[in-house]
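What follows is one structure encoded as structure tokens, with my remarks underneath.
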Amino acid sequence: MGKIILYHGSPNKEVTPKYGLGEARHDYGKGFYLTEDIELAKEWSVCRPDESNGWVHKYELDTDGLKIFDFQKESILCWLAELMKHRAAADSKRYRMLAQKFIEKYGVETAEYDVIKGWRANASYFYIAKSFVRDEIDVEILEELLSLGGLGIQYCIKSELAYTHLRELEDES
């Protein structure tokens with residue numbers, strides 16, 4: 001893969017990526033989230049309703065020597081299981097029990113990876129996940145439903161090693 005250019009959208013003008021930070025309830029858990037899509041990064045930069053301004057930070061990630069897990073190369077069920085690990089689609093006891101069984105069956109262990117690459121989820125995808133786990137949606141149409149929204153691809157920097165491979169680039173304007 002070599003070096004790739006990625007963007008991080010933030011309501012903060014100054015951003016310092018640090019290992020161990022981030023929200024455990026984000027799609028792939030704690031980490032620093034970036035995207036190759038500058039428009040998606042712009043969306044992230046103003047994601048809080050009380051923020052009127054945002055900033056897009058440009059980074060270079062040297063992928064040489066990094067272990068990257070790519071959900072695009074896996075089953076959609078594998079991706080959905082990863083989301084269920086980190087984000088609750090429903091508070092019911094039944095959902096939690098069924099979600100845990102789903103994770104055990106389709107989930108993968110991602111802890112050994114430096115970077116996780118995959119789709120970005122939003123609230124509508126958790127409605128679909130909840131319906132699927134309750135057996136209201138057939139697996140045959142699940143992937144089609146999940147691909148309708150043009151999710152965008154994100155990268156989550158997970159390991160200390162990956163943080164050392166990330167370098168912010170100066171604004172060229």
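The values are calculated or read from the model by the stated rules, or taken from the named source; none is laboratory data. Everything numeric here is computed off the predicted structure, so don't read it as measured data. In this analysis, Cβ positions are derived from the backbone assuming ideal geometry, glycine residues included, and neighbour counts consider all displayed protein chains. When the accessible area is computed, the model is the full protein with side chains, heavy atoms only, and any ligands, DNA or RNA have been set aside. Shrake-Rupley method; radii C 1.70, N 1.55, O 1.52, S 1.80 Å.
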- Note on the structure: In region 45-84, residues that are open to solvent by less than 70 Å² (accessible area, probe 1.4 Å), closer than 26 Å to LEU142 by Cβ and either assigned to a loop (DSSP other than H, G, I, E, B) or in contact with a strand residue (DSSP E or B) (Cβ under 8 Å, 6 or more places away or on another chain) (or both) total 7
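Does region 1-15 hold any residues that are modelled with pLDDT of 90 or more and either open to solvent by 30 Å² or more (accessible area, probe 1.4 Å) or assigned to a strand (DSSP E or B) (or both), and which are they?
Filtering region 1-15 for residues modelled with pLDDT of 90 or more gives 2-10, 14-15.
Passing the criteria: LYS3, ILE4, ILE5, LEU6, TYR7, HIS8, GLY9, SER10, GLU14.
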